[in-house]
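Enquirer: Below you'll find the structure I mean.
Throughout, read-outs are computed from the coordinates displayed, never taken from laboratory work. Note that the structure is a prediction, hence the values are computed from the model and not measured. Cβ atoms come from the backbone with ideal geometry, glycine included; neighbour counts cover every protein chain shown.
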Amino acid sequence: MGALILVVEDNPDIATVLRDRLQAMGHEVMTVGDGHAALDALQQATPGLIFLDIELPKLNGMEVLKRVRKEWPDLPVIVMTAHGTIQRAVEAMKEGAADFVTKPFDTGQISAVIAKAMEHRALSVEVTRLLGDISHDIKNLLQPVVSGTWLLESEIRDIFHRLPEMEAVKAQASHELCDEVIGMLRQATGHIHDRVKEIVDYVKGMSGPPRFVPCRVAGVLGEVFTTLGLLAKEKKVALRADGLEALPTILADERRLFNAFYNLVNNAIPEVSAGGSITVRGRVDESSDAVLLLVEDTGRGMPTEICDSLFTAGAISRKPGGTGLGTKIVKDVIDAHGGHISVDSTEGVGTTVHIRLPIKPPAMRQVAEVSP
């Protein structure tokens, strides 16, 4: 697929040759003749790639490159140089150029450096997205850890303060609370460890497709409710499950499914007033060989413009300091399972998220169909 390419070259003949070759490859091309014109063009439209001559009038190519790296850090720049100035190209690579080509141009070389630069840009965007998703999850997963640590510290302090006069029943109740908090902390930190491991795996190039294994939805939601239980209790919000135990085992990536439901429930808790509830209901849809899940809250609801963007990269967050990434993460997980997600919301009444998850993901069904 063609890209918009900016060619920055002060020699009209060379600019014309390169423009014609790029257009013949299916790209849209803008051409300018000096460094100032290049920066002006970038203010008007951001291309997918720049071919930049090192030696330019008014503002030289190295200065243009430094400005591009500062203001458009993800924009690939391919520098153009003559055979006698290869050292300048090497300097440009050190300043962040994606690659370089020598004049006169070789069509094969041009095609190769464009493909390499665009692939690198796509990878950079994906890495940024993934790290944003993981950072968002880590921030959320730390919230119950912090809350739980504070409660545990307070409870232990109270125990030691009152120990001489404490009755056996009170001591037992406190012990159970401490055990509950410690269990929650261990579970939450385990999930944090898994998410951090994703960063390491991705950097090593080991990030792979979802790992589908037999999975009980009730078990996944049980972990989510345990992890977020103290936060919900602090907000006086009830977490409820209805019909989940009766659901059949599905093939799913349990870790990703946990992340999806964690984000849904965690996002809902601040929206629900004290005394309200968040309920996850489940049933089987025999006609589509899928499980249907509803995440219902009695919160304040959402206006249409927020609902429309909820499961997109442009999601709007109403939480202080929120990024809006949580619901995009949910959508990515459901898509990876071949499922579908939608939302209904009424302001002042509450919100319901509808999720359909195949009992067996499409990719696994295809494998079963071609197997002997």
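Enquirer: Spin-label point model (7 Å from Cα, Cβ direction): what's the Ser342 to Asp74 distance in nm?
Expert: Placing both labels 7 Å beyond Cα along the Cβ direction yields 3.0 nm.
Enquirer: A follow-up question, please. Could you work out how far apart the two model spin labels at Arg240 and Glu28 are, taking each label as a point 7 Å from the Cα in the direction of the beta carbon, and quote it in nm?
Expert: 5.3
Enquirer: Moving on. Which FRET efficiency, nearest 0.05, do Ser111 and Thr352 yield, Cβ-Cβ r, R0 51 Å?
Expert: With a Förster radius of 51 Å, E is 0.50.
Enquirer: Kindly rank 33-42, 219-228 from highest to lowest mean number of other beta carbons found within 10 Å of each residue.
Expert: Those peptides, ordered most packed to least, come out 219-228, 33-42.
Enquirer: Residues in the range 225-265, backbone N under 15 Å from the label point at Glu180 (7 Å along the Cα-to-beta-carbon vector): list them, ranges by number please.
Expert: 225-240
Enquirer: Can you compute the modelled spin-label distance between Ala82 and Ile156, with each label point 7 Å from Cα toward Cβ, in nm?
Expert: Spacing of the two 7 Å Cα→Cβ label points: 7.3 nm.
Enquirer: Given a Förster radius of 45 Å and the C-beta distance between Lys94 and Thr226 as r, what FRET efficiency does 1/(1 + (r/R0)^6) yield to the nearest 0.05?
Expert: 0.30
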